[in-house]
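Only one structure is covered here, and it is reproduced in the block below.
Please treat every number below as a calculation from the coordinates, not as lab data. Since this is a predicted model, take the numbers as computed values, not measurements.
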Amino acid sequence: MKPKFRHVAHDLSLMLLGIVMYCIGFTLFQLPYHITPGATTGLGAIIFYVTNIPVNITYFSVNIVLLIVALKILGFKFMTNTIYGIAFMTFVLWAIPEWFGDEHGVLPRILGENDMFMACIIGAMLEGIGLGFVFLGNGSTGGTDIVGAVINHYRDMSIGQGIIIADLLIISSSFFVFHDMRLLIYGYCTLFIETFMLDYVMNSARQSVQFFIFSEKYDEIAAEIVKTGRGVTVLDSQGWYTKQNHKVLVVLARRRESAFIFRVIRSTDPNAFVSQSKVVGVFGNGFDRMKGK
């Protein structure tokens, strides 16, 4: 139970940190400059610009409807994976304007009145990094995630494609509110930067390296690597030209461990033949924990 509790606490911590970062980027850098991102927060921003209804109310209301749809179409299991994220994000979207807004609820433009470009970049980066942490914590913020899953249920389209289509429609609708092409372009830039940062966080957190080591002193190299706690697999191989049998070491390691492994190989057999490749994800003992919704 203790390892399970640590895993749950780790995931919740990542998810909560990610939601706070996302809400800071959206509320303090995007919303005051009328920049519309995608997702349900973007829809809430458009409604806020027109009616002054707080974003957290729209966000919560839309997600309740989407969760009911998801419960009927996708089942209760999908709903449980998003409800915690929606509840906490609703709270943070309410809390930040309460803390930073004036008595009328107006949020300050903390970068200055005319620095919309930097607000777009900083806000989108915080949103992308925040979403990356949420997904690394096996969480979800609902919204267009649910829309994408419903589209995937009925059509031969991936969830990612459904999310992108929904986000583009939300961002494009901001033009009919402001009639300003600059704000529309800023919205598209936000989506691009946010997606890039999300991918960067997801991939960099799981970057590992894979070694194929060909050496006559394979046993000495393997013994030194194993001393660090990293496993080694020995494969039988045969050179096609020489028809000679050889041993090949296969090592999966964290990227930061590459220098040590090369040092071991070089000091043991400088003539070893080594192939190193980057692996995006390695799951199992000693690496990342396999996650699935």
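For this structure, a couple of remarks:
- Between amide H atoms placed 1.01 Å from N, distances below 5 Å from Val279 occur with Ser208, Val209, Gln210, all of them 5 or more places distant or on a separate chain.
- Listed values for the range 56-71 are Karplus-derived 3J(HN,Hα) couplings in whole Hz (6.51 cos²θ - 1.76 cosθ + 1.60, θ = phi - 60°), namely 4, 5, 5, 4, 5, 5, 5, 5, 4, 4, 5, 5, 5, 4, 5, 4, and x replaces Gly and Pro.
- Couplings for the range 241-253, taken from phi via the Karplus curve 6.51 cos²θ - 1.76 cosθ + 1.60 with θ = phi - 60°, read 6, 8, 6, 8, 7, 9, 10, 10, 8, 10, 10, 10, 8 Hz in order; Gly and Pro are left as x.
- Calculated from backbone phi, Karplus (6.51, -1.76, 1.60) coupling profile of the range 22-31 in Hz, x at Gly/Pro: 4, 5, 5, x, 6, 6, 9, 10, 9, 4
- Cross-link partners for Lys278 among the aspartates and glutamates, with Cα-Cα distance under 17 Å and sequence neighbours closer than 8 places in the same chain left out: Asp199, Glu257, Asp288.
- Built amide H within the under 5 Å cut-off of Thr36, gap 5+: Gly187
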